[in-house]
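The structure appears right after this line, and notes come after that.
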Amino acid sequence: MSNIAEIKLNGKTHEFPTIVGTENEGAIDISKLRDLTGYITIDFGYKNTGSTKSAITFLDGEEGILKYRGYAIEELAEKSNFLEVSYLLIYGNLPTETELTAFQNEISRHTLIHEDMKKFFDGYPSKSHPMGQLSALICSLSAFYPESLEVNQSPEEKNLTLIKLLAKMPTIVSWIYKKSLGHPLIYPKNQYDYVTNFMNMTFGQRTEEVVIDPVVIKAMNTLLILHADHEQNCSASTVRMVGSSDCNLFASVSAGISALWGPLHGGANQAVIEMLELIKADGGDTEKWINKAKDKNDPFRMMGFGHRVYKNFDPRAKIIKKACDDVLEKLGVNDPVLDIAKKLEAAALSDPYFVERKLYPNVDFYSGIIYRALGFPTNMFTVLFALGRLPGWIAQWKEMHENKEPIGRPRQVYTGHTDRNYTDIKKR
Ligand code: CMC
């Protein structure tokens, strides 16, 4: 790979250095472009634009490779648990036993949320979307920990802030769910590990001990691991962008939660189940819906299909599809939409429209079917994605600060009116 790129503009040749990452991805460093040429680049949706250098997650869309800190996602999903992966993403290495115990203990000390925050839950209508609540509640944490607003926190204080966020997120998520049912809230129990504690607060009871099936705990760990980071996607870039103004961690992550909500991003998992239900109610004719997805005059898109980066297969989808079969079998659940999903996948994978555009099932195609088998209602699916993505957002925010990155501020090519004269309102 050449290490100099040339751009010819107005008869002049300008040279730009290239950089190559540890996995041999090349980039042209155009940071001096405007100074040298007066031009900027334009790249809608940042399809070719690297916003940062990062050592957290690597993904190769052509080969379908995903690694966190150099560890293959397949190996982490099989052998690790969510807390261990969270530590890996945030601190860079797999923890020793002592480090993991200390991490778990620290988190356990901060799982309670301020009792005054319970009033916020009371204020939401029971049918309000959990993602709207989650974003607002996570931002509200900044009001209870004003020290987190301080930009120049010591490394210890910064670490405590991220521990508090990791610790309180499962409590907030499960309480949103309990409130939606009108059920009493279950408080965190420190004897449980991270995922068991979350599941107990979500599905447990105050009056008697509910033992959560280990199959369920394992499935939940796998799902959370698969969602834990995905480099510079829409929500991670949002977290970094908001954080680049020296905005506190809680508010930055709250912005990431909002970015995740959209059906083109994390909201796709809810949209997939709604789509499958719609197809089922319509008689299950998958061919008809494939044709609708291909019709450019029809706004319908095949939810859970396609990805900005993966153009071969999504490695997370492969793991999830297998987990989906296993979980449903072990729990003895027979979900009719699973058959529709499989028929839809098979038909799309052999259809030239999908093949030519390299559209494959993504992480969200089967995840909703597992969440449903575990007992979650559809509108909680994207919240579960957020719970999984939290360590990734924290790691991205932390890395951005440690690298002392400048405030994010893209430029534009202005295409509006030039000079206009103000006219009196009565004369317009
Ligand atoms: N159904 C039908 N056509 C599609 C789909 C789809 N799901 N996805 C892309 N296309 C077509 C699109 O119409 C375009 O066709 P043409 O070249 O003829 O105009 C072509 O494929 C390229 O699509 P694009 O929208 O330019 O691709 P993108 O990289 O901007 O968008 C995407 C990626 C994920 C937003 C898109 O594939 C999509 O909307 N998928 C459905 C939503 C979804 O499942 N999102 C979850 C993504 S994975 C979870 C996460 O990490 O966020």
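The values are calculated or read from the model by the stated rules, or taken from the named source; none is laboratory data. Bear in mind that the values here come from a model prediction, so they are computed numbers and not experimental data. All Cβ positions, even for glycine, are placed from backbone atoms using ideal geometry, and neighbour counts span all protein chains on display.
So here's what we get for this one:
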{"read-out": "Residue satisfying all of: in segment 337-362; within 11 Å of the ligand (Cβ to nearest atom) and not in a helix (DSSP H, G or I); farthest from the chain's Cα centre (by Cα) among these", "value": "Asp351"}
{"read-out": "Meets criteria (more than 20 Å from Gly262 (Cα to Cα), in contact with a Gly (Cβ under 9 Å, 6 or more places away or on another chain), within 13 Å of the ligand (Cβ to nearest atom) and of a type outside the set (Ser, Thr, Tyr)) for Phe365", "value": "no"}
{"read-out": "Strands (runs of 3 or more DSSP E) completely within segment 1-91 that count 2 or more residues being touching a strand residue (DSSP E or B) at 6+ places or on another chain (Cβ under 8 Å) and either within 25 Å of Tyr360 (Cβ to Cβ) or within 16 Å of the ligand (Cβ to nearest atom) (or both)", "value": "57-60, 65-68"}
{"read-out": "Only listed residue being over 15 Å from Val383 (Cα atoms), over 19 Å from the mean Cα position of the chain (by Cα) and buried (at least 20 other Cβ atoms within 10 Å of the Cβ), chosen from Ser154, Ser148", "value": "Ser148"}
{"read-out": "Lone unmet requirement of (1) farther than 30 Å from Glu150 by Cβ; (2) within 16 Å of the ligand (Cβ to nearest atom) for Ala236", "value": "(1)"}
{"read-out": "Which numbered condition Ser128 fails, given (1) exposed (fewer than 14 other Cβ atoms within 10 Å of the Cβ); (2) under 21 Å from Gly262 (Cα atoms)", "value": "(1)"}
{"read-out": "Residue among Arg69, Arg34 that alone is surrounded by 11 or more Cβ atoms within 10 Å (Cβ to Cβ) and more than 27 Å from Leu384 (Cβ to Cβ)", "value": "Arg34"}
{"read-out": "Selection status of Lys358, of a type in the set (Lys, Arg) and either surrounded by 15 or more Cβ atoms within 10 Å (Cβ to Cβ) or touching a Pro at 6+ places or on another chain (Cβ under 6 Å) (or both)", "value": "no"}
{"read-out": "Within segment 382-415, considering residues that are part of a helix (DSSP H, G or I) and among the β-branched types (Val, Ile, Thr), the one nearest to the ligand (Cβ to nearest atom)", "value": "Thr382"}
{"read-out": "Scan of segment 405-428 for residues that are of a type in the set (D, E, K, R) and exposed (fewer than 10 other Cβ atoms within 10 Å of the Cβ), ordered by number", "value": "Arg409, Arg411, Asp419, Arg420, Asp424, Lys426, Lys427, Arg428"}
{"read-out": "Answer from Ala219, Ala167 - the residue that is away from the ligand (no atom under 13 Å from the Cβ), among the hydrophobic types (A, V, I, L, M, F, W, C) and modelled with pLDDT under 95", "value": "Ala219"}
{"read-out": "Options Val363, Val309, Val333; residue that is within 27 Å of Gly283 (Cα to Cα), among the β-branched types (Val, Ile, Thr) and surrounded by fewer than 21 Cβ atoms within 10 Å (Cβ to Cβ)", "value": "Val333"}
{"read-out": "Answer residue from segment 291-323, given it is out of contact with any Phe, Trp or Tyr (no Cβ under 8 Å at 6 or more places or on another chain) and among the acidic types (Asp, Glu) and is farthest from Ile65 (Cα to Cα) among those", "value": "Asp298"}
{"read-out": "Criterion: basic (Lys, Arg), closer than 30 Å to Thr49 by Cα and near the ligand (Cβ under 10 Å from one of its atoms) - qualifying residue of Lys318, Lys296", "value": "Lys296"}
{"read-out": "Some residue of segment 153-169 being assigned to a helix (DSSP H, G or I) and more than 30 Å from Asn403 (Cβ to Cβ)", "value": "no"}
{"read-out": "Every pair of residues 6+ apart whose Cβ atoms lie under 6 Å, when the first sits in segment 343-359 and is modelled with pLDDT under 95 while the second is of a type in the set (Ser, Thr, Tyr)", "value": "Lys343/Thr286; Leu344/Thr286; Ala347/Thr286"}
